[in-house]
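*Asks:* Pasting in a structure now, in structure tokens, and then I'll have a few things to ask.
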Amino acid sequence: MRIVVASGKGGTGKTTVATSLALAAAEREAVRVLDCDVEAPNAALFLHPDLNQRKEVGILLPVMDEALCTHCGKCAEVCEFHAIAVIGKKTLVFPELCHGCGSCTLVCPEKAITERLDVMGVLESGMTASGVNFARGLMNVGEPMAVPIIRELKKWNPASLRAAVGRVAECIETKRRSNPLIDEETASGESAPRNGIEIRDAPPGASCPVVETMRGADFLLLVTEPTPFGLHDLKQVASIARELGILVGVVINRDGIGDDAVEKYCAENGLPILMKIPMERRFAEAIASGKTLVDAAPEYRPAFRALLEDITVRFAA
Amino acid sequence: MKQLVILSGKGGTGKTSVTAAFAHLAAQNGLAGKVILADADVDAANLELVLQPRLLEQQDFKGGKVAVIDQDTCASCGDCQAVCRFDAINYVDGLYMIDPIACDGCAACVYQCPSESISMREQIAGKFYFSESRYGPLYHANLFPGQENSGKLVTLVKQRARLQALDENRELVIVDGPPGIGCPVISAVSGADLALIVAEPTVAGVHDMRRALQTVQHFGMRAMVCINKADIYPAGAEEIESFCRASGIETVGRIPFDVTVTAAMVAGEAVTAFQPDAPSSVAIAAVWERVLQSLLLKE
């Protein structure tokens, strides 16, 4: 099962919820965490994985073989992003405009185009002390496009980690047999452990990086705060979930500040509120110092286990 | 004319609350009538919730195009799916279907389709707005959920704000930036004279502030840092200050954690207008003075 933790508004507690949910889930399940906020990835600051796997990722840029190129301009003609221009006897590529779609390579009648990887960021992966299989993307500073990195992150599954997950999965196999709620047939493709929980920490906002994070997910956990900003941005992400047909549950963080407009909206739109975390200064201070919520407030461990169970039941229904 | 952009890296550090307070403070002093506001966070546009603008103009924003398959002529050969690098073409019940959300608009499938059954269709990706707000003209936008090209929409918002500022000889454009460091941030930063980074003294906030600073410096722009919710984790605030000292970045104040900020947001007001003597209001006013001094007097 793949769970995405998103919010719309930034700073509502996505990473707080994603990391605590992962730690609670890891007590019984094989858990994989993907930090898909590749512009500002923070989950590793709380989970402390041993990041020993690394892969450079990006898009494939066209490279023109000047010896073969006849400057016919077909490549420039098909490029929707104006990333290629033929000027006299030169065919120029503008890498910052290229989306790496490969259309030019396919249409070149002289087969004069090859492709090279334009590195936009790295993927890093490793296990945490509590047995969470962690991976994140890290976009290079100055790069505009997060989506290709998120796309690669979702597909990435280094061999050594597969083995590690296999061992964890074996250990919990017996426990799982007694739990009929998780249907192994429902998980397929991509890199999710076939029988386990994948938790994706999404970026803020509601544009293409958030959508890419949500694609292929089974459940969307929306973390919001009960303020006008929180509500406004929650609506944006909830509408993406509707379009993608993903099940949604809401976590209200910093409960007690602001007003009750978020609760009203959720009630009116059939969005179940699965958890509330009150505004307490000690939580804010602990999280500021790099502690997870379940470590700072162990009484929340059962709450997060219950949250996972709730999600599992809703997904199976 | 100067352009100030408010950034953070990490979301939720208080960019919009600080921007709204700046807009209010600017309208109170010598800059009254001299400021234009722009909300560059087009997929979570919140400045309007505080400035309560009166809409004067709106237009559709045409984002990218998406591919559409004509099922009457499609021979179901699957060539389109084979060339699509965005996993946007699905085979469902004997038909090839394009997922408009996944489609990047590259048109590679259009050129590879042997039966010429695929065409590109323009999409309305959002709305652009021009409004009169309580603290001056406001340019803002709403990117429809899930859409691409937020950078292009940010550029449109900023261009229009800049043109009016130049036309009317206004002194300052204040841009409320998006979180992160990607394309909308790069568009928001482009052409600005100064970036004020609202940092949060948390391990995550410090990490993301550094990435935001690197991004601003990558584009050769001057940056300043203020620390919001500074007393939540004093060690974090000190880390930010010493990091900035070491990197030659000026820190221009600590804003304390203050529930008045949320109360002002709920009331739909800038915190400095809502309760001018609140600790956060006093601190933001001091930050504003230093930013203004640096922006208008320097050079």
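The values are calculated or read from the model by the stated rules, or taken from the named source; none is laboratory data. Fair warning: this is a prediction, and the values are worked out from it, not measured in the lab. Neighbour counts are summed over all protein chains in view; Cβ atoms, including those assigned to glycine, are modelled from backbone coordinates with ideal geometry.
*Asks:* Checking the structure you have, find out if any residue of region A:290-298 is modelled with pLDDT of 95 or more, more than 26 Å from B:THR262 (Cα to Cα) and within 14 Å of another protein chain (Cβ to nearest Cβ).
*Replies:* The answer is yes, given that some residue of region A:290-298 is modelled with pLDDT of 95 or more, more than 26 Å from B:THR262 (Cα to Cα) and within 14 Å of another protein chain (Cβ to nearest Cβ).
*Asks:* Test of understanding: among A:ALA67, A:ALA43, A:ALA6, A:ALA26, which residue is more than 30 Å from A:GLU110 (Cβ to Cβ) and over 16 Å from the mean Cα position of the chain (by Cα)?
*Replies:* So the residue among A:ALA67, A:ALA43, A:ALA6, A:ALA26 that is more than 30 Å from A:GLU110 (Cβ to Cβ) and over 16 Å from the mean Cα position of the chain (by Cα) is A:ALA26.
*Asks:* Quick one: B:THR73 ticks every box in (1) surrounded by 12 or more Cβ atoms within 10 Å (Cβ to Cβ); (2) more than 18 Å from the chain's Cα centre (by Cα) except a single one, so which number is it?
*Replies:* Single failed check for B:THR73: (1).
*Asks:* Under the condition of being part of a loop (DSSP other than H, G, I, E, B) and away from chain B (no Cβ under 14 Å), which residue from region A:122-165 is modelled with the lowest pLDDT? Let's see the steps before the verdict.
*Replies:* From region A:122-165, those part of a loop (DSSP other than H, G, I, E, B) are A:128-132, A:140-146, A:156-158; that's our starting set.
Still in the list and also away from chain B (no Cβ under 14 Å): A:128-132, A:156-158.
On the way: A:THR128: 96, A:ALA129: 95, A:SER130: 93, A:GLY131: 94, A:VAL132: 96, A:TRP156: 93, A:ASN157: 82, A:PRO158: 77.
Result: A:PRO158.
*Asks:* Kindly indicate which of B:ASP193, B:ASP231 is touching a Pro at 6+ places or on another chain (Cβ under 6 Å) and more than 9 Å from chain A (Cβ to nearest Cβ).
*Replies:* Step by step, each of B:ASP193, B:ASP231 is checked, and only B:ASP231 is touching a Pro at 6+ places or on another chain (Cβ under 6 Å) and more than 9 Å from chain A (Cβ to nearest Cβ).
*Asks:* Could you tell me whether region B:236-245 includes any residue that is exposed (fewer than 15 other Cβ atoms within 10 Å of the Cβ), within 14 Å of chain A (Cβ to nearest Cβ) and modelled with pLDDT of 95 or more?
*Replies:* Yes, there is a match, as at least one residue in region B:236-245 is exposed (fewer than 15 other Cβ atoms within 10 Å of the Cβ), within 14 Å of chain A (Cβ to nearest Cβ) and modelled with pLDDT of 95 or more.
*Asks:* What are the pairs with Cβ atoms under 8 angstrom where one residue, in region A:6-29, is farther than 15 Å from A:ASP255 by Cβ and the other, located anywhere, is polar (S, T, N, Q) and part of a helix (DSSP H, G or I)? Sequence gap at least six, or different chains.
*Replies:* Final answer for the pair search is A:ALA6/A:THR213; A:GLY8/A:GLN236.
*Asks:* Any idea which residue in region A:196-237 is farthest from A:LEU138 (Cα to Cα), counting only those that are aliphatic (A, V, I, L, M) and free of Cβ contacts under 8 Å to residues at least 60 places away in the same chain?
*Replies:* Among residues in region A:196-237 that are aliphatic (A, V, I, L, M) and free of Cβ contacts under 8 Å to residues at least 60 places away in the same chain, the one farthest from A:LEU138 (Cα to Cα) is A:LEU231.
*Asks:* Restricting to region B:150-203, count the residues that are charged (D, E, K, R) and touching a helix residue (DSSP H, G or I) at 6+ places or on another chain (Cβ under 8 Å). Step through it out loud before you land on a result.
*Replies:* If we filter region B:150-203 for residues that are charged (D, E, K, R), which is where we start, we get B:152, B:158, B:160, B:162, B:167-168, B:170-171, B:176, B:193, B:200.
From what is left, the residues that are touching a helix residue (DSSP H, G or I) at 6+ places or on another chain (Cβ under 8 Å) are B:152, B:158, B:170-171, B:176, B:193, B:200.
Within region B:150-203, residues that are charged (D, E, K, R) and touching a helix residue (DSSP H, G or I) at 6+ places or on another chain (Cβ under 8 Å) number 7.
*Asks:* Then there's this: Restricting the search to region A:290-315, which residues are charged (D, E, K, R), within 15 Å of A:ILE277 (Cα to Cα) and in contact (Cβ under 8 Å) with a residue 40 or more places away in the chain?
*Replies:* Matches in region A:290-315: A:ASP295, A:ARG301, A:ARG305.
*Asks:* For A:THR114, work out the one condition from (1) in contact with a Ser or Thr (Cβ under 9 Å, 6 or more places away or on another chain); (2) crowded, with 18+ Cβ neighbours inside 10 Å it doesn't fulfil.
*Replies:* (2)
*Asks:* Right, here's the next one. Would you be able to tell me the number of residues in region A:234-249 that are under 17 Å from A:PRO272 (Cα atoms) and either at the interface with another protein chain (Cβ under 7 Å from one of its Cβ atoms) or in contact with a Gly (Cβ under 7 Å, 6 or more places away or on another chain) (or both)?
*Replies:* 5
*Asks:* Restricting attention to strands (runs of 3 or more DSSP E) lying wholly within region B:169-283, give those where 2 or more residues are under 29 Å from A:GLY137 (Cα atoms) and either in contact (Cβ under 8 Å) with a residue 24 or more places away in the chain or not basic (Lys, Arg) (or both).
*Replies:* Once the strands (runs of 3 or more DSSP E) in region B:169-283 are filtered for at least 2 residues that are under 29 Å from A:GLY137 (Cα atoms) and either in contact (Cβ under 8 Å) with a residue 24 or more places away in the chain or not basic (Lys, Arg) (or both), what remains is B:172-176, B:194-199, B:222-227.
*Asks:* Let me ask something else. Being more than 17 Å from the chain's Cα centre (by Cα) and either of a type in the set (D, E, K, R) or surrounded by 23 or more Cβ atoms within 10 Å (Cβ to Cβ) (or both) is the filter here, so list the residues in region B:108-135 that pass it.
*Replies:* B:ALA108, B:CYS109, B:GLU116, B:ILE118, B:ARG121, B:GLU122, B:GLU132, B:ARG134, B:TYR135
*Asks:* Right, something else. Of the residues that sit in region B:136-168 and are without any contact (Cβ under 8 Å) to a residue 60 or more places away in the chain and within 14 Å of chain A (Cβ to nearest Cβ), which one is surrounded by the most Cβ atoms within 10 Å (Cβ to Cβ)?
*Replies:* Applying the filter and picking the extreme gives B:GLY146.
*Asks:* Using the structure shown, decide if A:GLY126 is surrounded by fewer than 22 Cβ atoms within 10 Å (Cβ to Cβ) and under 26 Å from B:ASP208 (Cα atoms).
*Replies:* no
*Asks:* Only one residue in B:GLN71, B:GLN59 is in contact (Cβ under 8 Å) with a residue 12 or more places away in the chain and either under 30 Å from B:SER17 (Cβ atoms) or among the acidic types (Asp, Glu) (or both), so which one is that?
*Replies:* After ruling out the rest, the residue left standing is B:GLN59.
*Asks:* Ok, one more. hydroxyl-bearing (Ser, Thr, Tyr), away from every other protein chain (no Cβ under 14 Å) and either closer than 24 Å to A:GLY102 by Cβ or touching a helix residue (DSSP H, G or I) at 6+ places or on another chain (Cβ under 6 Å) (or both): does that describe B:SER115?
*Replies:* On the way: hydroxyl-bearing (Ser, Thr, Tyr): yes; away from every other protein chain (no Cβ under 14 Å): yes; either closer than 24 Å to A:GLY102 by Cβ or touching a helix residue (DSSP H, G or I) at 6+ places or on another chain (Cβ under 6 Å) (or both): yes.
So B:SER115 fits the description; yes.
*Asks:* Follow-up question, since we're still on this one. Restricting attention to region B:147-166, which residues are of a type outside the set (Val, Ile, Thr) and either under 19 Å from A:PRO209 (Cβ atoms) or not assigned by TED's automatic domain parsing to the domain that holds B:ALA270 (or both)?
*Replies:* B:GLN147, B:GLU148, B:ASN149, B:SER150, B:GLY151, B:LYS152, B:LEU153
*Asks:* Right, here's the next one. Scanning for something surrounded by fewer than 23 Cβ atoms within 10 Å (Cβ to Cβ), touching a residue at least 60 places away in the same chain (Cβ under 8 Å), in contact with a helix residue (DSSP H, G or I) (Cβ under 7 Å, 6 or more places away or on another chain) and among the aromatic types (Phe, Trp, Tyr), does region A:263-274 turn up at least one residue?
*Replies:* From region A:263-274, those surrounded by fewer than 23 Cβ atoms within 10 Å (Cβ to Cβ) are A:263-274; that's our starting set.
Subset that is touching a residue at least 60 places away in the same chain (Cβ under 8 Å): none.
No; the residues of region A:263-274 include none that is surrounded by fewer than 23 Cβ atoms within 10 Å (Cβ to Cβ), touching a residue at least 60 places away in the same chain (Cβ under 8 Å), in contact with a helix residue (DSSP H, G or I) (Cβ under 7 Å, 6 or more places away or on another chain) and among the aromatic types (Phe, Trp, Tyr).
*Asks:* Next up: Have a look at B:VAL189, B:VAL261, B:VAL206 and point out the one that is β-branched (Val, Ile, Thr) and either touching a His at 6+ places or on another chain (Cβ under 9 Å) or more than 18 Å from A:GLY11 (Cα to Cα) (or both).
*Replies:* Testing whether each residue is β-branched (Val, Ile, Thr) and either touching a His at 6+ places or on another chain (Cβ under 9 Å) or more than 18 Å from A:GLY11 (Cα to Cα) (or both) leaves just B:VAL189.
*Asks:* Among the residues of region B:159-191, what is the count of those that are within 10 Å of the chain's Cα centre (by Cα) and over 24 Å from A:PRO148 (Cβ atoms)?
*Replies:* So the count comes out to 2.
*Asks:* Let me ask something else about it. Can you report the number of residues in region B:110-146 which are closer than 24 Å to A:MET214 by Cα and either among the small types (Gly, Ala, Ser) or touching a Cys at 6+ places or on another chain (Cβ under 7 Å) (or both)?
*Replies:* Number satisfying all stated conditions: 4.
*Asks:* Please specify each residue of region A:18-64 satisfying the condition of being more than 22 Å from A:ILE277 (Cα to Cα), of a type in the set (Val, Ile, Thr) and touching a helix residue (DSSP H, G or I) at 6+ places or on another chain (Cβ under 7 Å).
*Replies:* Selection gives A:VAL31, A:VAL38, A:VAL57, A:ILE59.
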